[in-house]
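To keep things clear, I will list the structure first and then write my remarks on it.
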Amino acid sequence: MLPPPTPPLIAPSLLAADFARLKEEVVAVERAGADWLHLDVMDGHFVPNITFGPLVVKALRPHTKMPLDVHLMIAPADPYITAFAEAGADHISVHPESGPHLHRTLQHIRSLGKKAGVVLNPATPIESIVNVLDLTDLIMVMTVNPGFGGQAFLSSQLSKIAALRRLIDDTGRDIVLQIDGGITAQTAPAVLEAGATCLIAGTAVFGAPDYAASITAIRNAAPAPLPELGASSGG
Ligand code: DX5
Ligand code: ZN
């Protein structure tokens, strides 16, 4: 008999929270059952939007036990990694395009005692990370172009997620496969079917009237292919 399926980790993205009430929002999603808190750091250069830096991570750190999952959308990222680690980040994820030496960057994150992640933009191929899997704790697949919340899910990325699932399984390594962008209770089944183990959701959680109901609906989504899967990709 097959073991029961493990529910995915749910990581609400603070980007969609009320920025005037950040502490209350963090406490609310933790009470609502969130597993990790996803923090989107944007510099107006690597992506066309600006959010916050290590000071906000440090300010929120005492108010939650959730692991802080920091997604760096900044270039260069290397000069700021120590500051985010010292601010209390538990996971630090970078895009391969944000610096010239991804291997060194991941080594640096690990040397600070943090989990190291790599983020793949929609156009970034799997090949960009196959040679650094031994240094990778998390792989994040962007199912929107990074920079903004509330964008439409790109179903073209489902085949990449499934290929990464096979790659991770082949390595036998304990690498978390995260999906970021356009996650809702409607899109979650397809990414779970493809093999995701952590779902990041901004608008679908913080934009909902009942955070607990929204988190539960995403977590309990039954893996299933998208109806249009196998037809053309789109968003
Ligand atoms: C986009 C960010 C995402 C974003 C997701 O650049 O990386 O984490 O907050 O927002 P939704 O869930 O609204 O697509
Ligand atoms: Zn993100």
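The values are calculated or read from the model by the stated rules, or taken from the named source; none is laboratory data. Bear in mind that the values here come from a model prediction, so they are computed numbers and not experimental data. Don't worry about glycine lacking a Cβ; one is built from the backbone with ideal geometry, like all the others, and counts go over all protein chains shown. Protein only, heavy atoms only, side chains kept; ligands, DNA and RNA dropped before computing areas. Shrake-Rupley method; radii C 1.70, N 1.55, O 1.52, S 1.80 Å.
Can you tell me, using C-alpha contacts under 8 Å and at least 6 residues apart, the relative contact order of the stretch 30-174 as a whole percent?
Details: 223 pairs, mean separation 25.5, N = 145.
Relative contact order, the stretch 30-174: 18 percent.
According to a simple spin-label model (label point 7 Å from Cα along Cα-to-Cβ), what is the distance in nm between R173 and N131?
Between N131 and R173, the simple spin-label model gives 1.4 nm.
Would you please calculate the Kirkwood hydrodynamic radius of the stretch 60-162 over all C-alpha pairs and express it in Å, rounded to one decimal?
So the Kirkwood estimate lands at 14.3 Å.
Could you rank the peptides 185-192, 218-225 by their average count of other C-beta atoms within 10 Å per residue, with the highest value first?
Going from most to least packed, we get 185-192, 218-225.
Checking the a/c ratio against 1.5 first, then a/b against b/c, what shape does the Cα gyration tensor give for the chain?
Details: a/c = 1.44, a/b = 1.09, b/c = 1.32.
Taking the square roots of the gyration eigenvalues as a ≥ b ≥ c, the chain is rounded.
Sort the following peptides by mean Cβ neighbour count (other Cβ atoms within 10 Å, averaged over residues), highest first: 59-69, 148-158.
On the way: 59-69: 16.6, 148-158: 18.5.
Going by the mean number of other Cβ atoms within 10 Å, highest first, we get 148-158, 59-69.
Express the carbon and sulfur contribution to the solvent-accessible surface of the chain as a percent, rounded to the nearest whole number, probe 1.4 angstrom.
After summing per-atom areas, the C and S share lands at 56 percent.
Starting from the 7 Å offset along Cα-to-Cβ, what nm value, one decimal, do you get for the label separation of T6 and F148?
Here the modelled spin labels are 3.6 nm apart.
Quote the FRET efficiency, to the nearest 0.05, computed for F19 versus T82 with a Förster distance R0 of 25 Å and r equal to the Cβ-Cβ distance.
The value I calculate is 0.50.
Which loop-located GluC sites (Glu not before Pro) does the stretch 65-139 contain, where loop means any DSSP state but H, G, I, E or B and the Cβ has at most 12 other Cβ atoms within 10 Å?
Values: sites: E86, E97, E127; in loops: none.
Qualifying residues, ordered by number: none.
Using the heavy atoms of the protein chains alone and a 1.4 angstrom probe, what is the accessible area of the stretch 9-221 per residue in square angstrom?
Accessible surface, normalised per residue, equals 40 Å².
In whole Å, how far is the Cα centre of the stretch 172-215 from that of the stretch 16-66?
Taking the Cα centre of the stretch 16-66 as reference, the centre of the stretch 172-215 is 17 Å away.
Rounded to the nearest 10 Å², what accessible area does D174 have for a 1.4 Å probe in the complete protein model?
For D174, the solvent-accessible surface is approximately 140 Å².
Counting only DSSP beta bridges with both residues in the stretch 78-235, tell me the antiparallel percent, nearest 5.
Counting only bridges with both partners in the stretch 78-235, antiparallel ones make up about 0 percent.
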